[in-house]
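First the structure, in the form of structure tokens, and then the observations on it.
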Amino acid sequence: MDRWKIIEYVKVKLQGQELGARTLAGFNPALSEAYEDFEARIAKDFERTNGVGPVTSVSLGPLNQAWVSEGEALFKAKCSSCHKPTKKYVGPAPLGVLDRRNPAWIINMILDPEKMVKEDPVAKELLNRYLAPMANQSLKEDEARKILEYFRTLE
């Protein structure tokens, strides 16, 4: 890989700007695919699953406001260096994630991103798209559930 492309990539990311399609294509041609096209392809190519991990189902009832507050605090403390609530950054935005992924998949990804990237095809595609593996924050299942509750409030 051309070192100048790497330098350009790092510079643009540090400035918080979007990378142009030409720059992205220099790293991986699939990266120049529009976000909407990427998500449409994922939806078409892969069945929505629970992912790989301990959570096999999640029941979503009425919003639990205490969990929303705790989830927002956890998100800000553990996730916000790579994820912004309503726009993509280093990783994807959680805005609308429940329209794209099963709740159990989201929690399993939060709990063990390394295992998900190794064994789940959608997580592998996301890694290819964003070029940065999600860090394991060693969260407990109840903490991941509270972050999911916060995601439900994003508009």
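What is the distance, in nm, between label points placed 7 Å from the Cα along the Cα-to-Cβ direction at Asp142 and at Lys44?
4.4 nm
Can you list the aspartates and glutamates whose alpha carbon is less than 19 Å from that of Lys140, not counting same-chain residues fewer than 8 positions off?
Those aspartates and glutamates meeting the cut-off are Glu70, Glu72, Asp112, Glu114, Glu149.
Under 14 Å from the Cβ of Asp99, count the other residues' Cβ atoms, weight Lys and Arg +1, Asp and Glu -1, and hand me the total.
Surrounding charge for Asp99 is +1.
May I ask you to sort Trp105, Trp67 by Cβ crowding, counting other Cβ atoms within 10 Å and putting the fewest first? Spell out each step's value before the answer.
On the way: Trp105 23, Trp67 19.
Listing Trp105, Trp67 from fewest to most nearby Cβ atoms yields Trp67, Trp105.
Which of Tyr89, Tyr150 has the fewest other C-beta atoms within 10 Å, and how do the rest follow up to the most?
Working: Tyr89 16, Tyr150 22.
Starting with the residue having the fewest Cβ neighbours, the order is Tyr89, Tyr150.
How far is it, in nm, from the label point at Asn102 to the one at Asn64 when both lie 7 Å from their Cα along the line to the Cβ?
It is 2.1 nm.
Quick note: the coordinates plus some simple rules give every number you see, no bench work behind them. Being a predicted model, the structure only gives us computed values, none of them experimental. So basically every Cβ, Gly included, is an ideal-geometry build from the backbone, and we count neighbours across all protein chains shown.
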